[in-house]
């Protein structure tokens, strides 16, 4: 696995039954209440140390019991949000997404408080055999602003040259 220390878990899970969640005590019949829904995919990012979902809407509570059945992808991210490893398995990584157990590889089971913290969060051990290292960006030169290395970073379908020190975006040569 990559040498960068994992800080976050990025989830991209195809949910079969959105109604299997309650948001602020209301059954989410159409999946329109749950934060981080994008089409048929649920895409939260979780801080591994604290168990807090990033950008969770303050004051929102959720009881989530989503059936995923091999329709998910999961990545570890470093401090800057770059993917450093991808889950090798086809099943839900239960040690991360079934706090309290019982998901059997097919379910995401979480209770989320008003502050975005997952109830009973216990930071799981990261077993390197379960993760495949993601390719790391290549250094392509030096920043004109601070003379530090510049790397290619992929954002969606675009590739950018970004300074690793000051974050300045440069145009390709």
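Quick look at the numbers
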{"read-out": "Ranked by how many other beta carbons lie within 10 Å on average, peptides 5-11, 58-64 from highest", "value": "5-11, 58-64"}
{"read-out": "Contour minus Cα-Cα distance for residue 168 and residue 125 (0.36 nm per residue)", "value": "12.0 nm"}
{"read-out": "Using a Förster distance of 41 Å, the FRET efficiency for residue 86-residue 144 (Cβ separation, nearest 0.05)", "value": "0.75"}
{"read-out": "Alpha-carbon centroids, the stretch 1-54 and the stretch 62-131: separation in whole Å", "value": "9 Å"}
{"read-out": "Spacing of the two label points (7 Å from each Cα toward its C-beta) at residue 27 and residue 95, in nm", "value": "3.6 nm"}
{"read-out": "Per-pair calculated FRET efficiency, R0 = 22 Å: residue 19 and residue 69 via Cβ, rounded to 0.05", "value": "0.90"}
{"read-out": "Contour excess over end-to-end distance, with Cα ends at residue 132 and residue 151 and 0.36 nm allotted per residue", "value": "4.7 nm"}
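Every number here is computed from the coordinates shown, using simple stated rules; none is lab data. Keep in mind that this is a model prediction, so the values were computed, not measured. Note that we place each Cβ from the backbone using ideal geometry, even for glycine, and neighbour counts take in every protein chain shown.
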